[in-house]
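Right, one structure below, let's go through it.
Nothing in this text is a laboratory measurement; each read-out follows from the coordinates by a stated rule. Note that the coordinates shown come from a computational prediction; the quantities given were computed from them, not determined experimentally. Methodologically, a virtual Cβ is constructed for each residue, glycine included, from the backbone with ideal geometry; neighbour enumeration extends over all protein chains shown.
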Amino acid sequence: MKILHTSDWHLGQHFMGRTRQAEHKALIEWLLFQVQEHQIELIILAGDVFDTGAPPSYARELFNELVISLNQLTCQLIVVAGNHDSVSMLNESKNLLACLDVNVIAKTLPESLSEHILPVKNKHGQLEAIVCAVPFIRPKDLVSSKSNQSETDKKRDLLNQIQSFYFDIYEEALNLAKKTNQDQEWLDQQDDGKRDDKNIEIQKSLFDLDVPIIGTGHLTTLGAKTSESVRDIYIGTLEAVPAQAFPPFDYLALGHIHRAQVVAGNDCQRYSGSPICLSFDELNRDKSMVLLDTQNMLNLGKFKPQLLPVPNFQAMKTIRGEIKDVLQELKELVTQLSAADDGKSVWLEVKVFTDAYLSDVQKHIQEVIQGSLIDLLRVTRQVKTQVVDHSNQAKETLSELSVEEVFDRCLAASTLGKLDQTESEETVSTEITELKSIFTQCVSSMQESVIKDEEELAVSPPKHDNTLPNKQGTEVVGGADA
Ligand SMILES: [Mn+2]
């Protein structure tokens, strides 16, 4: 049986003012062709089906049409929710979709693990795989947070909870696989006596041995390479889950990271990546889906994942450099496009290294691309004199600098200070001013509370009753945490 792993479709994405409707439509058409071509019987969509919790109607319509077409092709679909998906929105049609061979798992249910275990049968009703369908984990679904826990303890607790959740599901899946093995043994015993050969053969094949167990997840694993469009997700305070936290699935179908990659060097733990570029920094990376064949399990004892390259449905390009080089490259691109004469547009991002104002730069670019098929989506500028001179700072020590000076240095070193941004310079300078004023307020309120503490210590007699809450102290701790 052929199984396809994909993720991060982000149906309904609005990309810098452009719709992805045409691309997603083309993607689904391509996918349906692949289903027929490779006789795919199951698709696992590992989260972020939709870009938002309230996707536009056309995105829902596309998804519904896909469901109908897959059903006609007797291809099953398993969808787990990602961090972009709304649990309630996906659950709305869960029961309806179940009638069409689509399993939707939107929420982690530690109290009913069996909900996450999906036996997958082929067209002939034989068990081919067991899928442990785990969506994006929201910590409140797993843990009840304890008060007075340090960040480190919280992280450790959460990681343990995630790990046990995965292992509990895996164990349940193993039991299901074992149960089918026991049934197999029982059938083997029947072989000794007289039996109806044909019937036994059919029954035996129903309980195939060594059924592969496939896991899913929508999270960041340690060391995974992200891209601009990936919204950082923290499961509570946990920024990444180590690969060792997962049970030994025969295949782990991951979502969330848009660059296709294997995890921890294991060919059978993979991010399929998004099928279309969701940000400019995903360009020049081949987009693909992962094809699995349960036949591999019988022949090799493990899966041998194959990549299905996804065609590019919308040309996108980034041009970067000094303004004169950028303009030159643009002119060449305009000539190329008019020669190709296929009516296909190019979505363009320009990064200029310059000290000039952005509006001037934009004007020059617009002049060159006017009337062409180039659709300019974003211009950013990188200030040439950005390299910070550290020579004078080398001899400085922290104690020589004021608190405000340290903060200014931090700002200068941050992305805000680097001015490589989409917003105008005015927005950025307003942001910097605001940040500085918030920082000054924080510092002065901290200084005030320190003074108050010192005054209290000087005035009040030594404490006798330790059980009395110290309001002042609580506030200081709260302030430091925030
Ligand atoms: Mn995503």
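Structure above, values below:
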quantity: Euclidean distance between Cα centres, segment 7-25 to segment 93-153, Å; calculated: 26 Å
quantity: Contour minus Cα-Cα distance for Leu73 and Ser288 (0.36 nm per residue); calculated: 75.2 nm
quantity: Extension gain, Ser279 back to Arg378 (0.36 nm per residue minus Cα-Cα distance, nm); calculated: 34.5 nm
quantity: Estimated FRET transfer efficiency (Ala54, Glu434; beta-carbon r; R0 35 Å; 0.05); calculated: 0.70
quantity: Cβ-Cβ FRET estimate between Ala340 and Lys94, R0 fixed at 41 Å, reported to 0.05; calculated: 0.35
quantity: Square roots of 5 times each gyration tensor eigenvalue, C-alpha, segment 2-309, largest first, Å; calculated: 32, 25, 18
quantity: Antiparallel bridge percentage (DSSP; both residues within segment 2-309; nearest 5); calculated: 40 percent
quantity: Ascending count of other beta-carbon atoms within 10 Å, so fewest first, for Cys442, Cys132, Cys268, Cys277; calculated: Cys442, Cys268, Cys277, Cys132
quantity: Net charge over other residues, Cβ less than 14 angstrom from the Cβ of Phe246 (K, R count +1; D, E count -1); calculated: -2
quantity: Pairwise centroid distance, computed over Cα atoms, of segment 302-367 with segment 252-290, Å; calculated: 23 Å
quantity: Positive minus negative residues near Pro212 (Lys, Arg vs Asp, Glu; Cβ under 9 Å); calculated: -2
